[in-house]
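To keep things clear, I will list the structure first and then write my remarks on it.
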Amino acid sequence: MLTGIFKFNHTTITLLSLLVLLGIWQLAASVANSLTLPYPAHVAQVFWQATQSGELPYHLGVTLLRLLVSFSIAMVLGCAIGVMLGKNKTLDAFFDNWLVIFLNIPALVTIILCYVWFGLAESAAILAVVINKLPNVIVTIREGTRALDKDLLEMAESYRFERKKTFVHVIWPQLHPFVMAATRSGLALIWKIILVVELLGRSNGMGYQLHLFFQLFDVASLLAYTFAFVAVIQLIEWLLLRPLDRKALRWRR
Amino acid sequence: MNDITISIQDKTYRSGHLDDRQHQAIADLQLGVGRNEFVCLLGPSGCGKTTLLNMIAGLDSHYQGHIRIGSQAATAKIGYVFQNPRLLPWYTVRQNIEVVFAQTPPAALIDALLADMQLSDVQQVYPERLSLGMQRRVAIIRAFAINPDILLMDEPFVSLDAPSARQVRNLLYSLWQQRPHTVLFVSHDLREAIALADRLIFLSPPPMRIISDIPVNIPRELRNDEAQIEAFREHLLSQHPAINGLL
C-alpha cells in the first residue's frame, strides 16, 4: 500500500522535489529574516523587473554569445588536433607534455595572463576561455580516435571509400559519443570560467553583473540572475543535447 | 588467360614481439585464377591466408612481387567478405549495402540480392539486432552488390553452428551460380571447400607456398549431395596423405 502511495510519475516527482526545495528556502528566509537571504517571491519579483527592463536579457545574451564563440572555436580546434594526435604517435608523444601542462594551469592564471598580455579586450577574454577548454577537448577526442575500429577502417579501404566518405560514414559516428562528452563537460567548464573572465575584465555579461551585485550586497538580484543562468543551461541540455544523443544512438541495442 | 595473377616473391613482417624478429609469411607464391573461377585456399591457421587476401585487397602493400586483377590493377573493384561481418552498426542492413557505392546505389539490384539471401524483411533493421548468420549474409550481399572484379572471402562461415553454416553456404552457392564472379575463398573446412570450389589450393605453414592444386570435378547439381562430397574427400585424402596433417 505504501508503495502504491509513492508511485508517482516522473513529472510529478520533479515538480514535488522543486516545491520542497522552494519550501525549505521560504522557511530558511523567514527564520533568518535578513536582507542577505531574500524570500523566493522577492527574487521572482526582481527577476521579473530585470527581465522587463531588458537588463537581464542583455547581460545573459552577451555571456551566451561569448560562450557560443569560445565554445565553437575550442570544439573545432580541439576535434582537429585531437584526431591528429590520435592518429600520429610521434606528434602525440611530442605534444602530450604540453597537454599535461596546459591541463594543470589554473583557469585563473590563464585569464590573468591573457588580460595582462593582450589587454582588457574581447579577444583576450575569448582566448582565455578557449585556452582553458581546448586541452580537455583534445584529450577526449584523442581517446576517441585511438579507439576507432581498425576493422571498419579496413573495410572502408578495401571498398575504396574516399577520405571524406570514410570520415562521414565510418569515423564520425564512432567519434560522436566522444564529441558529445566533450560538449557536455566543455559547457559545464566554460559556464564557470566565462563568469570569472567577465568579472575580471569585461564591463558587461553575467560575471560583470554578479560582481556588481556583490559590491552592492544585492543578493536578490544575484539569485535572480543565477536562476536565469541555470534555466538556460537546462534548456540547452533538453532542447539540443538530448535530441542529438537520441538521433545518433538510435541504432544501439 | 588468367583473370588474376598473383606472384609474390617475399612477404616479411615484424613479429611485434619484444625480440622484434622478422617473420617471413610468404616465400614464393605463384597463383593464377581464371575468370569466374571459384578457388578455395586451404591451410593451417596462421599460415598467412588472411595476409594474402589483405594484399590482394590492397590493404597491405609491403611485399615484393605483383598482383594483377583483370586489366587494371590499381582500380580493380574488390568485394571483401571478412571473417567478422564488419558492418557499420549505425546503419541499417540496406544502408550498409548502399554505402559502398560511389554513385547512386542500384535499388533493383539490392532488392534482388536481399531477396536471394532471404533478408528482404530485415532490410531496415540495424545489424546488431540480427543473428551472426544474417549479418554474414549482409556482408556477402555487400560484396556481390558492387559487381566486383574479384570476391575475397575469409572464412565467412566460421563460428556459425552447422545448420546456419550450411544454410549460408547454400545461399552463397546459388547466388554465385546466378551471378558468376571470380572468387578466392579461404577456409579450413575441407568439406565446405569441396562443396563450393572449382579448385582447391593447399597451402603450407609459413613461409607459405602452394603444396597442391586440385580441381574439384563434382558436377554443380550434385554439390548438395553429402555422399558425393564425402567420397571426394576420402579419395583426396588417400591420394594426398600430406593434406591430412595440414588441416
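The values are calculated or read from the model by the stated rules, or taken from the named source; none is laboratory data. Just so it is clear, the model here is predicted, and its values are computed rather than measured. Heads up, the Cβs are rebuilt from the backbone with ideal geometry, glycines too, and the neighbour counts pull from every protein chain shown.
Any idea how many residues of region B:95-111 are within 13 Å of chain A (Cβ to nearest Cβ) and either out of contact with any His (no Cβ under 7 Å at 6 or more places or on another chain) or surrounded by fewer than 17 Cβ atoms within 10 Å (Cβ to Cβ) (or both)?
Residues that pass the stated criteria total 9.
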Residues in region A:71-121 that are in contact (Cβ under 8 Å) with a residue 40 or more places away in the chain and loosely packed, with under 15 Cβ neighbours inside 10 Å total 3
Within region B:51-66, restricting to residues that are more than 8 Å from chain A (Cβ to nearest Cβ) and crowded, with 18+ Cβ neighbours inside 10 Å, the one that is nearest to B:Q22 (Cα to Cα) is B:Y63
By residue number, the members of region B:148-169 that are aliphatic (A, V, I, L, M) and closer than 18 Å to B:L130 by Cβ are B:V158, B:L160, B:A165, B:V168
Here the qualifying pairs (Cβ atoms under 6 Å; residues six or more apart or on different chains; first in region B:112-139 and within 12 Å of another protein chain (Cβ to nearest Cβ) and on the phi < 0 side of the Ramachandran plot; second surrounded by fewer than 16 Cβ atoms within 10 Å (Cβ to Cβ) and part of a loop (DSSP other than H, G, I, E, B)) come out as B:E128/A:R253
Checked B:S61, B:S71, B:S45 against criteria (within 17 Å of the chain's Cα centre (by Cα), at pLDDT below 90 and not basic (K, R)); the one match is B:S45
Checked pairs for region A:172-187, first over 14 Å from A:G86 (Cβ atoms) and within 11 Å of chain B (Cβ to nearest Cβ), second of a type outside the set (D, E) and crowded, with 16+ Cβ neighbours inside 10 Å, C-beta under 7 Å and 6 or more apart or across chains, list as A:P173/B:W90; A:H176/A:A248
Residue pairs qualifying under the 8 Å Cβ cut-off, at least six apart or on distinct chains, with the first in region A:44-56 being among the small types (G, A, S) and the second being surrounded by 15 or more Cβ atoms within 10 Å (Cβ to Cβ), are A:A44/A:A224; A:A50/A:L56; A:A50/A:S221; A:A50/A:A224; A:A50/A:Y225
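The rows are residues; the columns are (1) within 25 Å of B:N54 (Cα to Cα); (2) modelled with pLDDT of 90 or more.
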site: B:F82; (1), (2): yes, yes
site: B:A102; (1), (2): yes, no
site: B:L109; (1), (2): no, yes
site: B:A139; (1), (2): yes, yes
site: B:L160; (1), (2): yes, no
If we ask which residues in region B:212-231 are closer than 30 Å to B:Q9 by Cβ and either among the basic types (K, R) or in contact (Cβ under 8 Å) with a residue 60 or more places away in the chain (or both), their number turns out to be 0
Within region B:67-82, residues being more than 9 Å from every other protein chain (Cβ to nearest Cβ) and touching a residue at least 60 places away in the same chain (Cβ under 8 Å) number 6
Considering region B:156-193, residues that are among the small types (G, A, S) and out of contact with any strand residue (DSSP E or B) (no Cβ under 9 Å at 6 or more places or on another chain), and then whichever is surrounded by the fewest Cβ atoms within 10 Å (Cβ to Cβ), we arrive at B:A162
Here the residues within region B:45-72 that are touching a Gly at 6+ places or on another chain (Cβ under 9 Å) and of a type in the set (V, I, T) are B:I67
Based on what the data block shows, is B:T92 facing chain A (nearest Cβ under 9 Å), out of contact with any strand residue (DSSP E or B) (no Cβ under 8 Å at 6 or more places or on another chain) and surrounded by 15 or more Cβ atoms within 10 Å (Cβ to Cβ)? yes
- Quick check: anything in region A:202-209 away from chain B (no Cβ under 14 Å) and hydrophobic (A, V, I, L, M, F, W, C)? yes
Of the residues in region A:151-165, those that are small (G, A, S) and either more than 7 Å from chain B (Cβ to nearest Cβ) or farther than 10 Å from B:L59 by Cα (or both) number 1
Among A:L60, A:L113, A:L67, A:L99, the single one that is in contact with a Pro (Cβ under 6 Å, 6 or more places away or on another chain) and either in a helix (DSSP H, G or I) or modelled with pLDDT under 95 (or both) is A:L99
Across (1) touching a Cys at 6+ places or on another chain (Cβ under 9 Å); (2) within 14 Å of chain B (Cβ to nearest Cβ), A:V168 clears everything bar (1)
Selection from region A:140-171 of residues surrounded by fewer than 18 Cβ atoms within 10 Å (Cβ to Cβ) and touching a residue at least 40 places away in the same chain (Cβ under 8 Å) yields A:E143, A:R146, A:L148
